[in-house]
Amino acid sequence: MAKGIRDWSDGEVSATVRSYFDMLLLEVSGRAYVKSDFRRALIPLLNNRSESAVEYKFRNISAVIMQLGLRPLRGYKPALNYQKSLFSEVERRLASTPHIVELMVFEAGHAPAANQGNTLNATSAAIPKTIHMKSARRAKITTAFPDYAAIEAQNRALGLAGELAVLDLEYQRLCNAGKVYLARRIDHVSASRGDGDGFDISSFEVNGKEKLIEVKTTRSRAETPFFITSNELHVSVTRADSYYLYRVFNFGNDSAWFSLQGSLEQTCQLQPNSFTAVPYKS
């Protein structure tokens, strides 16, 4: 919390978290809501807080939820500069509303319905600002929650849907550039040869140079972490001049994307996640 800015009282924190979770329940249930309605309803319950202050507090809540391994509201970009009591209140609220967590898990494990927001705009989104989610934790986590990103990583239907969206994106890009003959040579490698190549799609630059694309898809925000294999990392390093990672996010809900070109060692913060263990007797 910045110096000179008064902390929010426990009552204010509780009311704000409750308002956020009311929106979150609607969103993960697939129901529409209007953010401004919730913001205006909340302000009278607070101690002379501005609408911008409420917006920033909602962003703080998004950061906490992502730190706990779950997915936040799509409309509030995570902001890490929050008071410690907020972390505890969000964790408590999540633990007391298991139905919301269950809906998130269901969402992460299932692909969105076909033809519902799965088409990608030709223009890429901005690469999100780096957020050190794990190192920025302000309080000790006392409750274990499902890992949204890990569940999505095992969701083959979602992964395939994202790859098909990128295939269409690449095909249209080359056709619009007058390179139909190249568009017809695009190969959905993960479908034609399997996952062993370290990338999902073999496409082309407009000059004919090969373009290797790995696709990572999430139904959550652009800042959501994703998993890469040692093989994907290796290929990105050894073939950095032609390697691209396409990050597809908000999939099924105003789907968007951005790309990272080159070695993943240079374009991503890599954090150890697991180890392969072989038992032995000394």
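The values are calculated or read from the model by the stated rules, or taken from the named source; none is laboratory data. No experiment lies behind these values; they were computed from the predicted model shown. Please note: Cβ atoms are built from the backbone with ideal geometry, for glycine as well, and neighbour counts cover all protein chains shown. What goes into the accessible areas is simple: the full protein's heavy atoms, side chains included, and nothing from ligands, DNA or RNA. Shrake-Rupley method; radii C 1.70, N 1.55, O 1.52, S 1.80 Å.
Of all the criteria given as (1) in a loop (DSSP other than H, G, I, E, B); (2) at pLDDT below 95; (3) buried (at least 18 other Cβ atoms within 10 Å of the Cβ); (4) not hydroxyl-bearing (Ser, Thr, Tyr), the one not satisfied by ARG74 is (3).
Of all residues in region 169-190, one or more are assigned to a helix (DSSP H, G or I), at negative phi, among the aromatic types (Phe, Trp, Tyr) and touching a strand residue (DSSP E or B) at 6+ places or on another chain (Cβ under 9 Å). ALA111 - would you say it is more than 19 Å from GLU223 (Cβ to Cβ), modelled with pLDDT under 95 and open to solvent by less than 50 Å² (accessible area, probe 1.4 Å)? Spelling it out, ALA111 is indeed more than 19 Å from GLU223 (Cβ to Cβ), modelled with pLDDT under 95 and open to solvent by less than 50 Å² (accessible area, probe 1.4 Å).
Might you let me know whether region 214-222 holds any residue that is surrounded by fewer than 19 Cβ atoms within 10 Å (Cβ to Cβ), among the charged types (D, E, K, R), touching a helix residue (DSSP H, G or I) at 6+ places or on another chain (Cβ under 7 Å) and at pLDDT 95 or above? No, region 214-222 contains no residue that is surrounded by fewer than 19 Cβ atoms within 10 Å (Cβ to Cβ), among the charged types (D, E, K, R), touching a helix residue (DSSP H, G or I) at 6+ places or on another chain (Cβ under 7 Å) and at pLDDT 95 or above. Within region 77-97, if we keep just the residues that are closer than 15 Å to THR142 by Cα and free of Cβ contacts under 8 Å to residues at least 40 places away in the same chain, the residue that is surrounded by the fewest Cβ atoms within 10 Å (Cβ to Cβ) turns out to be SER96. Of all residues in region 232-268, those satisfying the criterion of being among the acidic types (Asp, Glu) and farther than 17 Å from ASP200 by Cβ are ASP241, ASP254, GLU265. Looking at region 15-48 only, could you name the residues that are crowded, with 17+ Cβ neighbours inside 10 Å and not in a helix (DSSP H, G or I)? LEU46 - this is the single residue of region 15-48 that is crowded, with 17+ Cβ neighbours inside 10 Å and not in a helix (DSSP H, G or I).
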